[in-house]
Amino acid sequence: MPLQRPQLHAPRQGRWWKSRAFRQEGRGSSERYRRQLGSGGSARSFRSTSAAALCYGGAMIGLIVADRAGRKSARDLFATGGSARHVRLGEPDQGLDAGTVCRVDPDAGCVREVLARPDTALSRLYAVASRFDLRPEYPPEVLAEVAAIVASPGLDDPALVDMTALPFVTIDNDDSRDLDQALYIEEAPAGGGFLVYYALADASYYVRAGTPLFADALARGASFYLPGLVVPMLPRALSEGLVSLNPQVDRRALVFVMRLDAAGATVTTEIARARVHSHAKLTYDGVQALFDDPASSELSGRAFTRSLELLRVVGERRVALAEAEDVVRYNRVSVNVGLADADGVAFTAVGDRRNDTERYNEQISLLCNIEGARYLAEHHGADSGLRPVFRVHPPPPAPAFDHLQRVIDALVDAHGLDPAVWRWRRRALGAAPEGESLAAYLERLPKGGETRDLFLAIQRQALVMNQRSSFSAEPGLHYGVGAPFYSRFSSPMREVVGVFTHKEALESLAGLPEHQGDDRLHEQVIQAANRSKAVQRQLTKEANLLVIDQLLRGDLAAPEGARPVREGVVLGFKDDRLYLQLHEPPLEVKIYLRDVAAAVGGRYEQVSEVAASVVTGAEVTRAFRLGDRLAVTVRGYDEARRRWLIWPEGL
């Protein structure tokens, strides 16, 4: 039975936006924009929405403490307004160990659930969540609003375009529960190319400015992720229930319908609120298995199989367009950090390279955000009433590229590498196409075997020259994506900026008049978006430090002669610090060379941008070069300076 395509061109005033694709003229050379792909941090490693979620309504999350007499009480881990609340526990709970994290009924004075045992990885994560005030509870007025929303979900709204006949699917991590996006792709009915339907959870319909629910989401800014632990921005009844694009149920969605030409470039974009029905919750690995071996995949022969096949086609063509524009693709292994078991006793850390399905799916998300940003850029102005939020990522300054070229030249000389292979024949700004962009250079470098460490060192030097992105009211280049404008439409349940951006776009499409107070709200949303980005960055850093602590404390517990020898690659130098990426697990640790030198009665010398030495008298005791493979052991921990003492072997 053929699919019933929704009537995309029915005369629905204000609900559709049709526009031309970006004009490519005048964008200049790739080096002028100096773009890269995938410049974000490693926060994706921590996203696990089936993990313990800190959202317990009015209950208290407490830490068991004992007074001098040994009596136990629960101290509120997330107290606000000064002193922490203590709840005296009844006799049955007096046997719990101090340091236990519990869900406590403050009125009854009893423990309802043990969340983490003392001195475990999970208890340390709760301590991190407490330190950053990631409040687990939602105010009563928010929970009351959520209950009313669930009772009246608005799925029978006659203004919604009915797209339930299209076999949408979601593709995400296997443990994800907050499903923001669903997709369906088909060949364009006329003229060649593709129609990409990209459905986004309609969070702005439910989370409305001026309500307690929106105020709470604004205060949080975003959902926050730690290994095995998530603090959702919206209560789970919404973020994993009514708003999430779960399989086999109808849902409200904001749908981008993007027509692409045969090369994958955008021709037109239309936006509408619709009712959609996801046929399946798929995983990256599951879809990749279909691509690798269709005959044995359970996804073959399904209503959405052809759409998945076209995802690969469109994804590859979008990647090719990015490469043609010299967008840099970094060949990185992310560190997936999790908990070893259900009790959260210890961390696990394994390297994980993204598969092709993740890259293809990312291309559709990027395309949607670029197209949404283009609408915002084209329609905002002094009289429009539209208040856009853009994600701006400036390119590295020109001196950073000069420095990178010097480092590469010095590395080639230090290692005696073949200049024809390893030297960067950099294209000058505004010059003829002789030479190569950074993207082309990194793409052609050898990446395996004996030269892999050298490639990793060069790639790291290219990465560290990048600047951070930020949210802004003004449009601007997003260097990492290679787009003149970029916004964040694709995560409306996990970022308040997504809720607000949907709201503004829909009000503009409908021609609604300007709302009083929205200017202040606009500023608050941008501040919240930037603040939550910074918090997640710190959470990622804290989690990495906890994993490193666990790893090295385990090493230190062994007798000195029996401690593991760990190998890694030297990625860089800063002051007296040597940055080493371990091979397994691929975590980054610091070696303080001044401490190492002092321990052997020598001194530390920075020889060049790519080399440093430990010198004793007139002799070089040990030399270190960027890209070297280095074996190390742990010698101890300096409590006063809170640093690990990691020693190169052979000293």
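The values are calculated or read from the model by the stated rules, or taken from the named source; none is laboratory data. Since the model is a prediction, treat every value here as computed from it, not as a measurement. As a convention, Cβ positions derive from the backbone with ideal geometry for all residues, glycine included, and neighbour counts pool all protein chains shown.
Some observations on this one:
- Taking the conditions (1) outside any helix (DSSP H, G or I); (2) within 24 Å of the chain's Cα centre (by Cα) in turn, Leu512 satisfies each one other than (2).
- Test: residue in region 153-171 that is of a type in the set (Gly, Ala, Ser), over 22 Å from Leu506 (Cβ atoms) and part of a helix (DSSP H, G or I): no
- Residues in region 61-73 that are of a type in the set (A, V, I, L, M, F, W, C) and touching a Cys at 6+ places or on another chain (Cβ under 9 Å): Ile61, Leu63, Ile64.
- For the condition in the same structural domain as Ala199 (by TED's automatic domain parsing) and touching a Leu at 6+ places or on another chain (Cβ under 6 Å), Ser508 qualifies.
- Comparison of Ala599, Ala557 shows that the only residue that is modelled with pLDDT of 95 or more and not assigned by TED's automatic domain parsing to the domain that holds Ser334 is Ala557.
- Looking only at residues in region 282-337 that are modelled with pLDDT of 95 or more and touching a Pro at 6+ places or on another chain (Cβ under 6 Å), the one that is farthest from Asp180 (Cα to Cα) is Ser300.
- Selection within region 602-651 - over 37 Å from the mean Cα position of the chain (by Cα) and either part of a loop (DSSP other than H, G, I, E, B) or not assigned by TED's automatic domain parsing to the domain that holds Lys574 (or both): Gly602, Gly617, Ala618, Gly650, Leu651
- Test for Ser365: is it in the same structural domain as Val257 (by TED's automatic domain parsing), of a type in the set (Gly, Ala, Ser), at pLDDT 95 or above and surrounded by fewer than 22 Cβ atoms within 10 Å (Cβ to Cβ): yes
- Any chance Val230 is β-branched (Val, Ile, Thr), touching a Lys or Arg at 6+ places or on another chain (Cβ under 9 Å) and within 30 Å of Arg312 (Cα to Cα): no
- Boolean, Thr357 is of a type in the set (Ser, Thr, Tyr) and either modelled with pLDDT of 95 or more or farther than 30 Å from Gly568 by Cβ (or both): yes
- Considering only residues in region 569-605 that are of a type in the set (D, E, K, R) and touching a residue at least 12 places away in the same chain (Cβ under 8 Å), the one that is farthest from Ala618 (Cα to Cα) turns out to be Glu584.
- With respect to being surrounded by fewer than 16 Cβ atoms within 10 Å (Cβ to Cβ) and of a type outside the set (Ser, Thr, Tyr), Gly385 falls outside the description.
- Lone qualifier among Leu96, Leu115 - being more than 29 Å from the chain's Cα centre (by Cα) and farther than 17 Å from Ala217 by Cα: Leu96
- Cβ pairs under 7 Å, 6+ apart, first in region 315-331 and within 19 Å of Gly193 (Cα to Cα), second at pLDDT below 85 and not acidic (Asp, Glu): Ala322/Leu37
- Matching residues in region 245-303 - criterion: being buried (at least 16 other Cβ atoms within 10 Å of the Cβ), of a type in the set (A, V, I, L, M, F, W, C) and either free of Cβ contacts under 8 Å to residues at least 12 places away in the same chain or not assigned by TED's automatic domain parsing to the domain that holds Asp174 (or both): Ala289
- Val335 vs. criteria under 30 Å from Val496 (Cα atoms), out of contact with any helix residue (DSSP H, G or I) (no Cβ under 6 Å at 6 or more places or on another chain), among the aliphatic types (A, V, I, L, M) and part of a strand (DSSP E or B): no
- Out of Ala528, Ala543, one residue alone is modelled with pLDDT of 95 or more, touching a Leu at 6+ places or on another chain (Cβ under 8 Å) and either hydrophobic (A, V, I, L, M, F, W, C) or crowded, with 20+ Cβ neighbours inside 10 Å (or both). It is Ala528.
- Here region 175-195 is the region considered, the condition is being within 28 Å of the chain's Cα centre (by Cα) and of a type in the set (A, V, I, L, M), and the residue that is farthest from Val276 (Cα to Cα) is Leu195.
- Search result, residues across region 515-529 that are part of a helix (DSSP H, G or I) and touching a helix residue (DSSP H, G or I) at 6+ places or on another chain (Cβ under 9 Å): Asp518, Leu521, His522, Gln524, Val525, Ile526, Ala528, Ala529
- Residue in region 489-512 that is charged (D, E, K, R), surrounded by fewer than 17 Cβ atoms within 10 Å (Cβ to Cβ) and touching a residue at least 24 places away in the same chain (Cβ under 8 Å) present: no
- Any hit, region 361-371, residues being in a helix (DSSP H, G or I), within 30 Å of Lys541 (Cβ to Cβ) and of a type in the set (D, E, K, R): yes
- Any hit, region 339-349, residues being assigned to a helix (DSSP H, G or I), more than 17 Å from the chain's Cα centre (by Cα) and not small (Gly, Ala, Ser): no
- Filter pass, Val632 being surrounded by 13 or more Cβ atoms within 10 Å (Cβ to Cβ) and either free of Cβ contacts under 8 Å to residues at least 60 places away in the same chain or of a type in the set (Gly, Ala, Ser) (or both): no
- Filter result for Pro433 (over 13 Å from Val328 (Cα atoms) and at pLDDT below 95): yes
- Condition check for Val535: among the hydrophobic types (A, V, I, L, M, F, W, C), outside the structural domain of Gly351 (by TED's automatic domain parsing) and either farther than 23 Å from Ala127 by Cα or touching a Leu at 6+ places or on another chain (Cβ under 9 Å) (or both): no
- Qualifying residue in region 206-227 (condition: surrounded by fewer than 24 Cβ atoms within 10 Å (Cβ to Cβ), modelled with pLDDT under 95, closer than 25 Å to Leu122 by Cα and not polar (S, T, N, Q)): yes
- Leading residue by the ranking (surrounded by the fewest Cβ atoms within 10 Å (Cβ to Cβ)) among those in region 433-488 that are charged (D, E, K, R) and assigned to a loop (DSSP other than H, G, I, E, B): Glu434
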